[in-house]
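The values are calculated or read from the model by the stated rules, or taken from the named source; none is laboratory data. Bear in mind that the values here come from a model prediction, so they are computed numbers and not experimental data. Cβ placement follows ideal geometry from the backbone for every residue including glycine, while neighbour counts extend to all protein chains displayed.
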Amino acid sequence: MNPLSCLPPDQPANAEERFCSRCGSGLTLRAEGGRNRLACSRCGHIVFGRFSVGVGGLLTHEGRVLVVQRGHDPGKGRWTLPGGFAEEDESPEAAITREVREETGLEAEPCCILAIRHAQGDHDQNLYMVFGLRLTGPAAALKPDGHETTQALFADPHRLDQLGAFGMISKWIIHRFSPEDGGLALVPPADQPVTVPSHRWTTLFAAHQPHPKTLQGTHHG
């Protein structure tokens, strides 16, 4: 089990930061949530740390899986699932749709979340979300962009090692899941709870649950 925190309570995350990213005023230490944190002396913004969201997608077609070869570092020459990082103003499911289009020329949409990996680095935290994908356009449109990806193809999932160096988590996903496995499914906006007014948009994925009406009259014990 990973430790709950890598820092002592009196040491704030990103201690080298000096100015507020929102208003530019100076940052000071402030006790918040059981530890000292940097906070803006003017607007009250609290620095909780640096975070990034990465996305990957598992897309199969006629028994083969979509993989790409990285065109630049980190991992230049390595084969992986298509994917990348979500922009700050972009939802994860929009990010994987965009990344697949950019890297392979294919149109696809996410149908579920298959896995989530959290990683703590020296200077930030990363959340990597792997989506099961559904092809929505012609497979014949497959073409690497020649920059981020030097090759893109539908590979035999049982012969990945023949391609060369392969990303460990990508291979782990391919060998354990299929896009139809279920996982966490996207909840339609009409079925989501009321959002916080300050949120521009929200995305909700959840495990498949019986509709509340089906639970009426159910007795337990």
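Within the set of pairs 6+ apart or on separate chains, which have a first residue in the stretch 53-79 that is surrounded by fewer than 17 Cβ atoms within 10 Å (Cβ to Cβ), a second that is assigned to a strand (DSSP E or B) and of a type in the set (Lys, Arg), and C-beta atoms under 6 Å apart?
Going by the 6 Å Cβ cut-off, the qualifying pairs are LYS76/ARG70.
Among (1) exposed (fewer than 14 other Cβ atoms within 10 Å of the Cβ); (2) without any contact (Cβ under 8 Å) to a residue 40 or more places away in the chain, where does ALA39 come up short?
(1)
Any residue that is free of Cβ contacts under 8 Å to residues at least 24 places away in the same chain, assigned by TED's automatic domain parsing to the domain that holds THR97, closer than 17 Å to LEU59 by Cβ and in a helix (DSSP H, G or I) - is there at least one of those in the stretch 140-152?
Looking through the stretch 140-152, at least one residue is free of Cβ contacts under 8 Å to residues at least 24 places away in the same chain, assigned by TED's automatic domain parsing to the domain that holds THR97, closer than 17 Å to LEU59 by Cβ and in a helix (DSSP H, G or I).
Could you please give the count of residues in the stretch 41-99 that are more than 19 Å from GLN151 (Cα to Cα), small (Gly, Ala, Ser) and in contact with a helix residue (DSSP H, G or I) (Cβ under 7 Å, 6 or more places away or on another chain)?
1
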